[in-house]
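What follows is a short report on a single structure.
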Amino acid sequence: MSDGMLRMTVNGRKVAKSAAGRYRLIDFLREELFLTGTKEGCGAGECGTCSVFVDGKLVKSCLMPASKAEGAVIETVEGLASGNDLTPVQRAFHKTGASQCGYCIPGMVMAATSTLRENPDADIEEIKERMGGNICRCTGYTKILEAVELARDILNGKAAPLALEPEPIGESFIGTNVRRIDAPSKVTGKLRYAGDMVFPNMLHMQVLRSPHAHARIVSIDTSAAEALEGVESIITAADVPGTDGFGVFVHDQPIMARDKVRYVGEGIAAVSAESEEIARKALSLIKVEYELLPAVFDAEEAMKEGAVVLHDYAPTNIVKHIPVRKGDIEKGFAEADLVFENTYTTQQVEHAYLEPEAGIGYVDHDGVVTVISPSQNITHHRHMLAGILDLPINKVRCIMSPVGGGFGGKEDMIYQGMLALAAMKTGRPVRLVYTREESITTTAKRHPSRVTLKMGIKNDGTITAVQFKMISDGGAYGMSTEGVMRKAAILSVGPYEYENLQVDTIGVYTNNTPSGAFRTFGGMQAQFATESHLDILAEKLGLDPFEIRRKNMMKAGSLTHTRQRLDTAAIGEVLDVAESFSRWEKGAPTSRGATRGDLGGPDTRQPCTLGARFRKPADNNKKQEVA
């Protein structure tokens, strides 16, 4: 489509603006009219954050060419209420606490408004159906659905209108519905996330990324890209004035690839230009010569002798090994009636926060290099940037913008250094906003893991020994791997007390996308293995799964495997409530695998679940041993 004039009515006002032919409706609203309540979460019509009304119908504006809106009546979240007032729907979202990170909420409010306009008497099932095109990654949807039902009842006169002022707190905040002070800005779309911010004279950044998992960079030729009209600067690792290495625990990661690329998607060069379109075109003009190198993609293979080495300081490719020892596990296994060993694997997981990574870098009037980004580790980022930029700490400032979902994924620094360098080189503000594809393919994920777990247990359910080994794929750089391995070691074997224990958690370099922080980091992978193992043991011994846990659970006075003496322990109460709420039928599971009766002798033994197998014990079947 060619560039041209667009005319439409937006939030009750007639608009006539020149627009690029490539614009979607969301681009026109955000870039030309600065109506940033309309968010881009996916760019594919899947998440609903870009929802607007076009001639009264709810539309995903990321899918609609702007030219198709010629002459249309557009309503965005900013136009639902006048001034500082809130609509009943917005007030209900405020009241129920439906807005958490807030990034999805403008789209949710638009979808809820559409639902109640279409059917003011919609029941909960219809509400769910009509809201189904909108995604939230924070709330679990319960509060959102409650808000829509509350708004429905208010509009129908079945509930009293809501005041903006919160209810009196009384003597305690505990048990009181305390409204978020930032909720009004979220439900109205007024809150500005990093990608919503616009500075005068601002440049736009795009990043050239490696198509190879492992290669030596022979040369980078940026001359043709630099000659392109509208390109202000191009930076590479050669522009870093200070120490080019950062990380939460080990400083192994460069701002952009230096000498080598170590994973597909690693940044090589960053272009700052007058528009994103020019910056993207410039990327295609950069010539990079690579010398391909062997790559390793499996953590266990990476630890073997002769494997490809990713970082010279770690010849075994081990980022961090955390060992924990307690008692004598060989003695414990000898005391067991049953020894069971199995392997459990978990996969790489994407955070999928709705706000893609974004940020702005600039140098202020006092020469302070400033980066605005949704960082979850803002102070650490500032200290790392000072070293990278070779500046005193008082000349570096990091501002935390509202975080549109993070879950740990915005804890590791990735792109902030590029913004700072570009701002210093150009003397102008520079903004970078990731696409959803860029976010998925290049940012840290939950650590894939492989846990080998061996337990010795008596017939009454008493665990006598545990051997736990977790190997985790840390990807190309250390990031939060050391912290994840420490947490995994601490939480490895659950809230249970063992006399004899051996734990090893090992984070390993590979040529995969780096792994980093993610909710319950390390604990989720470990607990999946431990709790699965206990369920299988309960089946094999003919014991109730709740009882096998009660038999071994920590109590007041228990000593954890990290040598902490517990003054209190609530696991017993948790088990009681879980058993009650789940309506558990007491007794041993018998639907799959072996039962206690199956363990009587070699002729009746059955294969257990998850691919485990029996080995004939050495002491004439007095003790079963399973691998």
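PHE173 fulfils the conditions (1) of a type in the set (Phe, Trp, Tyr); (2) over 23 Å from GLU437 (Cβ atoms); (3) in contact (Cβ under 8 Å) with a residue 24 or more places away in the chain except for a single criterion, (3). Only one of the listed residues (LYS57, LYS95) is of a type in the set (Lys, Arg), within 31 Å of the chain's Cα centre (by Cα), over 28 Å from TYR434 (Cα atoms) and not assigned by TED's automatic domain parsing to the domain that holds GLU437. That residue is LYS95. Among the residues of segment 375-417, those that are β-branched (Val, Ile, Thr) and assigned to a helix (DSSP H, G or I) comprise ILE378, THR379, ILE388, ILE393.
Every test in (1) surrounded by 15 or more Cβ atoms within 10 Å (Cβ to Cβ); (2) assigned to a loop (DSSP other than H, G, I, E, B); (3) not hydroxyl-bearing (Ser, Thr, Tyr) is passed by GLU78 save one, and that test is (2). Once segment 522-562 is narrowed to residues that are within 33 Å of the chain's Cα centre (by Cα) and assigned to a loop (DSSP other than H, G, I, E, B), the residue that is nearest to ARG450 (Cα to Cα) is GLY522. For segment 155-198, the set of residues classified as exposed (fewer than 10 other Cβ atoms within 10 Å of the Cβ), of a type outside the set (Phe, Trp, Tyr) and over 19 Å from ARG91 (Cα atoms) consists of GLY170, GLU171, SER172, ILE174, GLY175, listed by residue number. When segment 479-502 is filtered for residues that are crowded, with 24+ Cβ neighbours inside 10 Å and in contact with a helix residue (DSSP H, G or I) (Cβ under 6 Å, 6 or more places away or on another chain), the ones remaining, listed by number, are ALA488, SER492, VAL493.
Yes or no, residue by residue, for (1) touching a residue at least 60 places away in the same chain (Cβ under 8 Å); (2) of a type outside the set (Val, Ile, Thr):
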{"site": "HIS204", "(1), (2)": "yes, yes"}
{"site": "LEU208", "(1), (2)": "yes, yes"}
{"site": "PRO211", "(1), (2)": "no, yes"}
{"site": "ARG216", "(1), (2)": "yes, yes"}
{"site": "SER219", "(1), (2)": "yes, yes"}
{"site": "THR222", "(1), (2)": "yes, no"}
{"site": "VAL231", "(1), (2)": "no, no"}
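Taken over segment 493-521, the residue count meeting the criterion of being under 26 Å from the mean Cα position of the chain (by Cα), hydroxyl-bearing (Ser, Thr, Tyr) and within 20 Å of ARG563 (Cα to Cα) is 1.
Please list, ordered by residue number, the strands (runs of 3 or more DSSP E) wholly in segment 268-374 having 3 or more residues that are in contact (Cβ under 8 Å) with a residue 60 or more places away in the chain and buried (at least 16 other Cβ atoms within 10 Å of the Cβ). Don't jump to the end; show me each part of the working.
On the way: elements: 287-292, 318-326, 338-346, 358-363, 369-373.
Per the criteria, 318-326, 338-346, 358-363.
Residues in segment 398-454 that are of a type in the set (Asp, Glu) and at pLDDT 95 or above were compared, and the one that is surrounded by the most Cβ atoms within 10 Å (Cβ to Cβ) is GLU438.
The values are calculated or read from the model by the stated rules, or taken from the named source; none is laboratory data. This is a predicted model, so every value here is computed, not measured. Note that we place each Cβ from the backbone using ideal geometry, even for glycine, and neighbour counts take in every protein chain shown.
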